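Every number in this text was worked out from the coordinates using simple rules, so none of it is lab data. Keep in mind the model is a prediction, meaning the values are calculated, not measured. Every residue, glycine among them, receives a Cβ derived from its backbone with ideal geometry; neighbour counts consider all protein chains shown.
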Amino acid sequence: MRKKNQMRRAKDSANLLCQKQPKFGIAFDVDGVLARGTLPIPTGKEAMSHLVDGKGDFKVPVTFVTNALNRDQDKANQISGWFDIPIDPKQMIQAPGPLSLFKKVHKKHCLVVGQGKVPEIAKELGFTNICSVQDIAEHYPLLDMVNHDNRRHVAQYGFTEKEFPRVEAVILMGEPKNWESSLQLIVDILKTDGVPNKVPECVPEKHLPVIACNMDLQFMDRACMPRYGHGAYLLCLEALYKKVTGYELKYTSLVGKPSETTFRFAEHKLSTLAKEMGHDEPLERMYLIGDTPEVDIVGANLYQRYIDRLHKRRNNIDDEETQKNPELIDPELPQSRNIPPGTDFLPQTVTECQGVLVETGVYKPGQSPEKGSTEKNYRGHRDFPYINELYKPAVIVDDVLKAIEYILDREQISFQ
């Protein structure tokens, strides 16, 4: 009889776990966590099975946070194909994703830089009036003289400049194909306040808004060594702009991991998904499962610091207007890492953000994440100073399956 009672209590406890409403959300990095290139991690499917019901619907809010640049539908289809479960494009957070809420720049005439389906991506994010580097080169043929083919064409056939509306903002979504031409024309646009066929009386100390997505200096592909990423292109642009003008290039916003804005957007997305699931309790915890200490783990820890400062300001501020919106400005962050005014997020409720590090990607088993990088070999962006303790994850596990098991055990919840 005693044994039967114990079994009944255990079963009742398990049922309670299944019925418990989650107060947490999970953000997955993709490459190195769920897949290597186009091949899914072997334990990924089992890991996902712990989070979905028999129909494949998620029982806990889940997003996929990557510094990639694709259409959300395309990336969602890829992940869905790996694990045979439906992935909604709304769950995707790629490098430019937070720009969907940057409504103040959506109607500006924006120069958008990058490769692939960038025009379609920009329109899906809400931009309504965009142009490309190629558009500028075609309207102002004398600007692109680093292209010797263009020099010869102008010398042989002459040139005609066409009227072109003033560029009002520069959106750097990803590295372009022809760096040299793009670097030249972007510096021209910034020097001339968006009208590059007129010599400015002086270089404006405050230039047009510049927003950049993804600061990764390098990325690991199939080559034996890392390849240059968008962060390398930004480094070139910053150096050339300062050399030519004498001023620092100032970013209006930097988005993509490890920026606080991207993690704030991830919380917003998780909260939105929780509401759509019918969860009435606000989220209290967020987990980021990643494989790269200097991007995933640093980002999670930076967001934890952001949360701590935000909650401290909420408790201490006297100004009524700031009290209504304590996220308006974080005085400890540079402009590029502050959330732009007018960004429409759901209320911030998460009090804890944990970075869970897996051993299936960039991070190598047996290393200490904090010792894997030093200030001397730091490859992060200049607006994110090196801080050694930010590299420490909450836990290191073998793979994504172990990461999910750790989270569910910590939350004392099961969806099976």
Fill in the blank from the handout: In nanometres, the difference between 0.36 nm per residue of separation and the alpha-carbon distance of residue 197 and residue 115 is 27.0 nm
Practice task
Holding the Cα-Cα limit at 29 Å, pick out from 269/392; 191/312; 177/243; 177/371 the pairs that are longer than that.
Solution key: 191/312; 177/371
Handout entry: Mean residue ellipticity (222 nm) of the chain, computed from DSSP H runs ≥ 4 via -39,500 (n - 2.57), nearest 500
Key = -11000 deg cm²/dmol
Exercise for the section: Evaluate E = 1/(1 + (r/R0)^6) for residue 223 and residue 134, where r is the Cβ-Cβ distance and R0 equals 25 Å; express this FRET efficiency to the nearest 0.05. Expected result: 0.35
Exercise for the section: Determine the gain in length on full extension of the stretch residue 162-residue 329; use 0.36 nm per residue of separation and subtract their C-alpha separation, reporting nm with one decimal. Expected result: 56.0 nm
Practice task
Evaluate the relative contact order of the chain (contact order divided by residue number), counting alpha-carbon pairs under 8 angstrom at least 6 apart; express in whole percent.
Solution key: 20 percent
Problem - DSSP bridge orientation in region 99-255 - percent antiparallel, rounded to nearest 5 - result: 15 percent
Practice task
Report which label in [x] 23.6, 100; [y] 21.3, 67; [z] 24.3, 70 holds the value of Rg and Dmax of the Cα atoms in Å derived from the coordinates of this structure.
Solution key: [x]
Problem - FRET efficiency, residue 151 to residue 377 (Cβ-Cβ, R0 56 Å, nearest 0.05) - result: 0.90
Handout entry: Principal-axis tilt of helix 230-245 within the chain, Cα atoms, nearest 10 degrees
Key = 40 degrees
Practice task
May I ask for the net charge around residue 338, where only other residues with Cβ less than 15 Å from the Cβ of residue 338 are counted and Lys, Arg are +1 while Asp, Glu are -1?
Solution key: +2
Completion exercise
So the angle from the long Cα axis of helix 260-276 to the longest Cα principal axis of the chain, reported in degrees to the nearest 10, equals 50 degrees
Completion exercise
Any lysines whose Cα falls less than 18 Å from that of residue 162, other than same-chain ones fewer than 8 residues away, would be 198
Practice task
Would you mind checking the pairs 59/103; 123/206; 108/242; 20/55 and listing those with alpha carbons more than 29 angstrom apart?
Solution key: 59/103
